[in-house]
Amino acid sequence: MARIVVVGDTHVRYWDEIPPALRALMREADIAVHCGDWVGIDAVEGFLREHPDGYAVHGNSDPVEIRKMLPYRQLFEVDGVRIGVTHPAWGREEPPPSALLPDFPEERVGLLDILCYGHIHVPMNEDHDGVRFVNGGQGYPSFRVPGTCAVIETRPGGLFEVSIEMFAPGR
C-alpha cells in the first residue's frame, strides 16, 4: 500500500517558497510526484533532495536548464498500478486529457492505469479511454483559491483511490 502525493504548477524559483502545508503533505507521502512548471532550479533541487525516490518532469514554463535536468515524461509502477507523469505544452485551447495518451504509446510502455499531468491549474480526477487522468491543480494558493494537490492511495493488485486535497498558505 502506498500514498502518493501529486502536485504541479508550483511556479516558484526557490524550494522554500513551496507552501509549508504542501511540503508537509509531500514529506508524509510514500512517493512525491511533481508534474512540471517549477520555474527555478533551486525548487527542483530542493524537491530532489527531499524526495530522492520521487518522480518529476519539466513543464512548458521551465527554463532550459530544468528541461535538460528533467524528462518530459516518467513512468512508474506501485502495487501493480502503472502511473505516467507529464506536463503538456498545449497552446490556446486545451484538448481533452486523452490527447496525452500518445505520449505513452501502449506498444512501448504498456497500458497506463493513471496519467498524472500538470498545466491546467485545475484539479482533475476523471476516467477517459480506460485511464484515470489526475491533475493536482495548482501547487500554491492564490487570491481566493486554495492550493491543491492530488493523493493516490494504491493497494496490491492494481487497486487505487484518488482524492483532491486543498491547503491554505499558512497551514
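Values quoted throughout were computed directly from the atomic coordinates according to the rules given, and no laboratory measurement underlies them. Every value quoted in this text rests on a predicted model; they were computed, and no experiment measured them. Don't worry about glycine lacking a Cβ; one is built from the backbone with ideal geometry, like all the others, and counts go over all protein chains shown.
Things to note:
- Residue exposure sequence - 144, 23, 67 - by fewest surrounding Cβ within 10 Å: 144, 67, 23
- FRET efficiency for the residue 166 to residue 126 pair, using the beta carbon distance and R₀ = 25 Å, is estimated at 0.90.
- Signed unit charges on C-beta, dipole axis of region 73-151, positive-most listed residue 141, 80, 100: 141
- Proportion of all alpha-carbon pairs of region 41-104 beyond 13 Å (%): 69 percent
- Residues 62, 9, 42 in ascending order of nearby Cβ atoms (within 10 Å, fewest first): 42, 62, 9.
- Alpha carbon centroid spacing (whole Å) that separates region 66-119 from region 1-56: 18 Å
- Here the extension length gained between residue 77 and residue 90 equals 2.0 nm, from 0.36 nm per residue of separation less the Cα-Cα distance.
- Where Rh is the Kirkwood radius over Cα pairs, Rg/Rh for region 101-171: 1.05
- Taking label points 7 Å from Cα along the Cα-to-Cβ direction, residue 145 and residue 109 give a separation of 2.6 nm.
- Likely footprinting exposure, 38, 90, fewest C-beta neighbours within 10 Å first: 90, 38
- All-pairs alpha carbon distance profile, the chain, 10 Å steps from 0, percent: 11, 43, 37, 9, 0
- With the convex hull drawn over the C-alpha atoms of region 121-162, the volume per residue is 63 Å³.
- Size of charge dipole - the chain - debye, nearest 20, with Cβ of Lys, Arg +1 and Asp, Glu -1, no other charges: 300 debye
- Per-q log10 I(q)/I(0), region 1-65, q = 0.20 Å⁻¹ (Debye; single scatterer per alpha-carbon; no solvent): -0.70
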